[in-house]
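This report refers to the structure that appears directly beneath it.
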Amino acid sequence: NGGIIIMKRTLSLLTLLAVFLIALTACDNTDTQSNKGIRELKLVVTAENISQLEDYPNLKRVDLTGSTCYEAIVAYMQKHPDVEVTYTVSLGTVFVSTDSTSLILLPGTFDYDTLMENLQYLPVVANISLPRTELTLEQIAAFRAAYPDITLAYTVEFNGTEFDESVTDLNLADFDPAQLNALLEKLPMMPFITNIELMKEDGTSAFTKD
């Protein structure tokens, strides 16, 4: 009789466990069914939980603004080309939307290393302008080598005046000779200069041979 009682208890426990598993599966199915009706989402994801998007089989648009797991986002986009995905990319202190085609990046709004790393996640950017840039010519060259399909334009500032990269004639007649060394440091950023004017209209110059 004792053996029969133990067997009955065991069967009861197994029965309860089976009922629990069936109920749990039913809950999961209910969640999946309810998610089928969702077409749009807006949320912040990480590389660890972006897989939760798979729970929404009929998703058409998802806004992931604020998410920084760019590689995981790109992988999701490649796996689900039918889903319109929006997200922003950090370039330093500024965040840029993935639908941006042109960027104007002022000094202090971006970090060069971050720009070089994260620009790959902004696939439609075609033009970048760097007014009054503080980058070096070597950094500009490295950028252009890394992103040859992006048009990069910049200016350098000296004594309140901005000079374009393409400038060929430079008039320094009204500049203070004491500032010449500071200007010479910026000259490499203007590689197309062919003429530098040091004489004023009256034929005088503040510059000497020394």
- When the stretch 149-182 is examined, which residues are found to be closer than 24 Å to Ile104 by Cα and open to solvent by less than 40 Å² (accessible area, probe 1.4 Å)? Ile150, Leu152, Tyr154, Thr155, Val156, Phe158, Phe163, Glu165, Val167
- Task: Taking only the stretch 127-143 into account, find how many residues are free of Cβ contacts under 8 Å to residues at least 40 places away in the same chain, of a type outside the set (Val, Ile, Thr) and open to solvent by less than 80 Å² (accessible area, probe 1.4 Å).
- Result: 9
- Pairs, please: C-beta under 6 Å, at least 6 apart or cross-chain, first residue modelled with pLDDT of 90 or more and in the stretch 34-55, second assigned to a loop (DSSP other than H, G, I, E, B)? Val44/Gly66; Val44/Ser67; Val45/Leu64; Val45/Ser67; Thr46/Cys69; Ala47/Cys69
- Item | Evaluation of Ser102 against (1) modelled with pLDDT of 95 or more; (2) more than 20 Å from Ala145 (Cα to Cα); (3) among the small types (Gly, Ala, Ser) (one fails), failing number | (2)
- Query: When you scan the stretch 93-111, how many residues do you find that are surrounded by fewer than 16 Cβ atoms within 10 Å (Cβ to Cβ) and either of a type in the set (S, T, N, Q) or within 14 Å of Glu134 (Cβ to Cβ) (or both)?
  - Reply: 10
- Single unsatisfied condition, Gln78 versus (1) loosely packed, with under 14 Cβ neighbours inside 10 Å; (2) modelled with pLDDT under 90: (2)
- Flag for Gly108 being at positive phi, under 18 Å from the mean Cα position of the chain (by Cα) and not acidic (Asp, Glu): yes
- Which condition breaks for Glu71 when tested against (1) open to solvent by 60 Å² or more (accessible area, probe 1.4 Å); (2) in contact with a Phe, Trp or Tyr (Cβ under 9 Å, 6 or more places away or on another chain); (3) modelled with pLDDT under 90? (3)
- Task: Kindly indicate which of Val156, Val125 is β-branched (Val, Ile, Thr) and in a loop (DSSP other than H, G, I, E, B).
- Result: Val125
- Note on the structure: Within the stretch 171-194, the residues that are of a type in the set (S, T, N, Q) and closer than 25 Å to Leu152 by Cβ are Thr194
- Query: Pairs, please: C-beta under 7 Å, at least 6 apart or cross-chain, first residue in contact (Cβ under 8 Å) with a residue 12 or more places away in the chain and under 24 Å from Tyr56 (Cα atoms) and in the stretch 83-103, second open to solvent by less than 50 Å² (accessible area, probe 1.4 Å) and acidic (Asp, Glu)?
  - Reply: Thr86/Asp63
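The values are calculated or read from the model by the stated rules, or taken from the named source; none is laboratory data. For clarity, every value in this text was computed on a predicted model and none was experimentally measured. Every residue, glycine as well, gets a Cβ built from its backbone with ideal geometry; the counts of neighbours run over all protein chains shown. In case anyone asks, the SASA skips ligands and DNA or RNA and just uses the protein heavy atoms, side chains included. Shrake-Rupley method; radii C 1.70, N 1.55, O 1.52, S 1.80 Å.
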